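To start, the structure under review is shown below, and the notes come after it.
The values are calculated or read from the model by the stated rules, or taken from the named source; none is laboratory data. Note that the structure is a prediction, hence the values are computed from the model and not measured. Ideal geometry is used to build each Cβ from the backbone, glycine not excepted, and the neighbour counts take in all protein chains shown. We work out accessible area using only protein heavy atoms, side chains counted, and drop any ligands, DNA or RNA first. Shrake-Rupley method; radii C 1.70, N 1.55, O 1.52, S 1.80 Å.
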Amino acid sequence: MPWTEKFVDSDRAAAIEMIRRSGQQGVPVTVIGDQVIVGFDRPKLERALAAMQTQAAGAGTSARKSLGAKVADAGRYSLSGGAAVQGALVGGVNPGSPAERAGLKVGDVIVQVDGKPIASVDELMAALSASEGNSVTLTLARGATTREVKVYF
């Protein structure tokens, strides 16, 4: 299941969102669907994830496509060539995942999905969900260059 990690110590907007949603200033705060879970309560986390999967199955939705990569909003991320881009910054790639097989690397910024520009993790997830078939083409900003990679799910 895709997730977004936000660092509230360095991202003021994320800190404000966490306080608004949970009423808490401490971490971790996990939001699953509409449920806010404060602290690491494994049984509660597992129940919330199971309920979300059951709800998705009951609604007849197909499983979400997952890159198998940890991504965060890049904001206006400066590349090594000095150019600034917006998109989803790759912070980790899971071994054996579609992302690893496609050649994604830590530090890549995903800027397009199937030719459609994206500016955030939310837009990346929406584009992946809306895509048809078992593959997508990602445009990555890496260093001072961009490249396209095909990701197969």
Only one of Gly103, Gly87, Gly133 is on the phi > 0 side of the Ramachandran plot and open to solvent by less than 20 Å² (accessible area, probe 1.4 Å). Can you tell me which?
Gly87
Listing of helices (runs of 4 or more DSSP H) fully contained in the range 8-120 that carry 3 or more residues being modelled with pLDDT under 85
12-22, 42-58
For the range 117-144, which residues satisfy the criterion of being more than 13 Å from Ala88 (Cα to Cα) and without any contact (Cβ under 8 Å) to a residue 12 or more places away in the chain?
Ala130, Glu132, Gly133
Just give me the residues in the range 34-52 being closer than 16 Å to Arg21 by Cα and out of contact with any strand residue (DSSP E or B) (no Cβ under 9 Å at 6 or more places or on another chain), in sequence order.
Asp34, Gln35
